[in-house]
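Q: Take a look at this one; I'll ask things after.
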Amino acid sequence: MVQTRSSSRASSNPTANGGYANGASTNGVSTFKKSASSLTATSKMKADNLSNGNNLTKRTFSKDQHLTETVNGKANGTAKKAEDETDSCQNEKTHPMVYVVFVSLLLDLLAFTMILPLFPSLLDHYHKNDGPDGLYQRILQIVKYFQNFVGAPDQFNSVLFGGFLGSMFSYLQFVASPVVGGLSDVYGRKAVLVTCLVGIASSYALWAVSHSFLLFVLARFIGGLSKGNVSLSMSIMADVSSNKARGVGMALVGIAFSVGFIVGPVIGAVFSKWAQAQTGAWFVWPAMFALSLSVADILFVAVCFKETLPKEKRATSVASSLSQAASYIFILDLFRFSAVKNLPTKDLKELQRLGVVYFIYLFLYSGLEFTLTFLTHHKFAYTRMQQGWMFFAIGLTMAVLQGSFVRRVPPSRTKSTAVLGLLLIIPSFVCVGLATTSFLLYVGVFLFAVSTSMVVPCMTTLVSRLGADHQKGTVMGIFRSLGALARAAGPIVASCAYWSVGSSTTYLVGGALLTVPWFMLKRSLLE
């Protein structure tokens, strides 16, 4: 517009421009044209300079504005990253099979945990009715030898006996879990899952007719070998969940465990109280109740569960999977995850690190969990009912935290949450070890429950991110197997330490050793 107005002024006043330009010249037309051209060029140059200046100012402002927006964007992105990931996890639709697995696990765990309060009554029954040459008396001699070796009082024979059976059950899980996971990578999740559930139901049916202790132990043996359904459930969660939503599925597994360990023992306690006034084969009724839950679980899975591992994603070699089964009994191969093939070196090292962390954690954790029964009875004179309420509170705390907090943890905070959980269990051991009053004991037990609710689901989520689709079953099976091995050995070692060096030393040393998995996980490269 400056250029247009200048040109207009030059054209509209030719006389003045000509007089100013010519001076005393008599060649007016030529001089006027030159002057008009010069003035127009000068005006155009000024206009261009002004336009360039304006454009430069605009570009500078735009650049500064872009830089400001970029800086602000980065700051806002950093501040809102965790919030956005949390919203993404919550807004992402959860796969229906996640809820099917949750219900299946809940039915299974209700049947599994209801037997726990019945152990003392069952052992009393077989002690009276198994006969002098029965399996009960033979195992009792081993338990008494162990009792004398560690110096445990006679009143804890039933607890040690129950611990022996529990360790056997966990050891069988240690053997079965990776085999079940490997087979599911070949044949699919549903077929193997139903097979496991049928095996569990068979163990309850055998329990219902176990008039001798030998049959009861055989029933537990079959049940332990069939417990690969738990690790298989975690593989299914990994199949159907993205990395962002996987924590929700693993938290639901934790909630199923928590609810199962709250409600199941209550059901068992009712049967236990009823059994005190009964004679004969009273155990048939709780066994049939467990069998009914198991059958309902089979029917539910058969109807509602849809295969989560398509054929194109499965492992192709059955022979290879079966040949790998022999390596599962070698503990070092488990820690090395030798059955997981073609995994990048970095991922394999992180997987091995997580396996060691999980084993040490559960080894020490299960030791405290088992000897807590000794401590509360021996040091605080708790009755069985008070102990039951204590474990009820632990399970309730875990269920609330997993349902409200853990399942909302964004993927970027999964590792840090697990690290925090491992850190919290250290003062838990210290509080329980130094407790001379119920208050300090409650603080330690509360931290114990909080830690458990965070560590197990988050570590399981981290492990589920590693390995190809056709290896998820093997990876989760080995991981679960390491946990079962820890649960098999932890109570035995903790019992020896408890009765040999005392509760305070046992728990304080355990708390100190727990710094090892905390430090290892903290240094992990996983996010």
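Q: Run down 444, 502 and say which single residue is without any contact (Cβ under 8 Å) to a residue 60 or more places away in the chain, on the phi > 0 side of the Ramachandran plot and out of contact with any Phe, Trp or Tyr (no Cβ under 6 Å at 6 or more places or on another chain).
A: Working: 444 fails: on the phi > 0 side of the Ramachandran plot.
Just one listed residue meets the conditions, 502.
Q: Scan segment 197-215 residue by residue and report those that are in contact with an Asp or Glu (Cβ under 9 Å, 6 or more places away or on another chain) and buried (at least 17 other Cβ atoms within 10 Å of the Cβ).
A: 197, 200, 201, 213
Q: Do you know which of the residues in segment 241-257 that are at pLDDT 85 or above and in contact with a Gly (Cβ under 9 Å, 6 or more places away or on another chain) is least open to solvent (accessible area, probe 1.4 Å)?
A: Of all residues in segment 241-257, those at pLDDT 85 or above come to 255-257.
This time we only want the ones that are in contact with a Gly (Cβ under 9 Å, 6 or more places away or on another chain), so: 255, 257.
On the way: 255: 23, 257: 45 Å².
Out of the qualifying residues, it is 255.
Q: Looking at (1) touching a residue at least 60 places away in the same chain (Cβ under 8 Å); (2) basic (Lys, Arg); (3) in a helix (DSSP H, G or I), which is the only condition residue 273 fails?
A: It fails just one condition, (1).
Q: Additional query: Would you confirm whether any residue within segment 331-339 is acidic (Asp, Glu), touching a helix residue (DSSP H, G or I) at 6+ places or on another chain (Cβ under 8 Å), in a helix (DSSP H, G or I) and surrounded by fewer than 20 Cβ atoms within 10 Å (Cβ to Cβ)? Please lay out each step first, then the result.
A: Residues of segment 331-339 acidic (Asp, Glu): 333.
Add one more test, that the residue is touching a helix residue (DSSP H, G or I) at 6+ places or on another chain (Cβ under 8 Å), and what stays is 333.
After this cut, where a residue has to be in a helix (DSSP H, G or I) as well, the list is 333.
From what is left, the residues that are surrounded by fewer than 20 Cβ atoms within 10 Å (Cβ to Cβ) are 333.
Checking segment 331-339: at least one residue is acidic (Asp, Glu), touching a helix residue (DSSP H, G or I) at 6+ places or on another chain (Cβ under 8 Å), in a helix (DSSP H, G or I) and surrounded by fewer than 20 Cβ atoms within 10 Å (Cβ to Cβ).
Q: Oh, and also: Of the numbered conditions (1) closer than 13 Å to residue 247 by Cβ; (2) surrounded by fewer than 20 Cβ atoms within 10 Å (Cβ to Cβ), residue 402 fails exactly one; give the number of that condition.
A: If we test residue 402 against (1) closer than 13 Å to residue 247 by Cβ; (2) surrounded by fewer than 20 Cβ atoms within 10 Å (Cβ to Cβ), just (2) comes out false.
Q: For segment 507-525, give me the residue count where each residue is of a type in the set (A, V, I, L, M), in a helix (DSSP H, G or I) and out of contact with any Gly (no Cβ under 9 Å at 6 or more places or on another chain).
A: So the answer is 5.
The values are calculated or read from the model by the stated rules, or taken from the named source; none is laboratory data. Since we're looking at a predicted model, the values are computed, not measured. Quick reminder, even Gly has a Cβ in these numbers, built from the backbone with ideal geometry, and neighbours come from all protein chains shown. The accessibility values were calculated without ligands, DNA or RNA, using every heavy atom of the protein model including side chains. Shrake-Rupley method; radii C 1.70, N 1.55, O 1.52, S 1.80 Å.
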